[in-house]
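Colleague: Take this structure, written in structure tokens, and hold onto it; I'll ask about it next.
The values are calculated or read from the model by the stated rules, or taken from the named source; none is laboratory data. Keep in mind that what you see is a predicted model, and the values were worked out from it rather than measured. Here the Cβ is made from the backbone with ideal geometry for all residues, glycine too, and neighbour counts use every protein chain on show. What goes into the accessible areas is simple: the full protein's heavy atoms, side chains included, and nothing from ligands, DNA or RNA. Shrake-Rupley method; radii C 1.70, N 1.55, O 1.52, S 1.80 Å.
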Amino acid sequence: MASQKEEILGCDFEVRGKVPKEAFELFALAQAKALGLRGFITQVSEEKFKGRLEGEGKVIDAFKKLILAAAEYLQAIKEFIIKNLKVIREYTYQTFEIKVDKK
């Protein structure tokens with residue numbers, strides 16, 4: 001019996017809370033890379049990060065669970081929101097990266 005390949009999903013995400021910028025970005029980067037996710041994270045305000053995730057649905061869910069587990073420990077992350085989750089034909093990012101806002 002041939003196994004069916006998992007669909008690739010893409011979604012936008014937001015994380016709200018008072019977390020140290022560099023530490024949180026590096027944590028998210030390490031977790032995403034360890035899980036094989038692609039996309040990016042960027043800080044858009046003092047208490048808000050946005051980004052994009054691409055990967056299998058179960059892997060995106062695992063990333064969310066890791067961030068929320070860290071939230072319980074840190075008590076600084078207020079919420080993790082996934083938006084626009086949909087199947088994509090192919091990856092648009094080669095890896096997961098931290099985007100620096102060019103002001």
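Colleague: Residue 67 - would you say it is at pLDDT below 90 and out of contact with any Cys (no Cβ under 6 Å at 6 or more places or on another chain)?
Modeller: So residue 67 passes the test.
Colleague: Something else: So is residue 54 among the acidic types (Asp, Glu) and either touching a residue at least 40 places away in the same chain (Cβ under 8 Å) or closer than 14 Å to residue 99 by Cα (or both) or not?
Modeller: Values: among the acidic types (Asp, Glu): yes; either touching a residue at least 40 places away in the same chain (Cβ under 8 Å) or closer than 14 Å to residue 99 by Cα (or both): yes.
When the stated conditions are applied, residue 54 passes them.
Colleague: Tell me which of these residue 16 doesn't satisfy, since it passes every other one: (1) under 15 Å from residue 97 (Cα atoms); (2) open to solvent by 60 Å² or more (accessible area, probe 1.4 Å).
Modeller: (1)
Colleague: Follow-up question, since we're still on this one. Suppose we filter region 10-39 for residues that are within 17 Å of residue 94 (Cβ to Cβ), of a type in the set (A, V, I, L, M) and outside any helix (DSSP H, G or I); how many remain?
Modeller: Qualifying residue count for the region: 1.
Colleague: Going by what's in this entry, would residue 6 be described as open to solvent by 40 Å² or more (accessible area, probe 1.4 Å), out of contact with any Cys (no Cβ under 7 Å at 6 or more places or on another chain), more than 21 Å from residue 61 (Cβ to Cβ) and not β-branched (Val, Ile, Thr)?
Modeller: no
Colleague: Here are some residues: 97, 46, 56, 25. Which one is surrounded by 13 or more Cβ atoms within 10 Å (Cβ to Cβ) and over 21 Å from residue 9 (Cα atoms)? Reasoning before the result, please.
Modeller: On the way: 97 fails: over 21 Å from residue 9 (Cα atoms); 46 fails: surrounded by 13 or more Cβ atoms within 10 Å (Cβ to Cβ); 56 fails: over 21 Å from residue 9 (Cα atoms).
After ruling out the rest, the residue left standing is 25.
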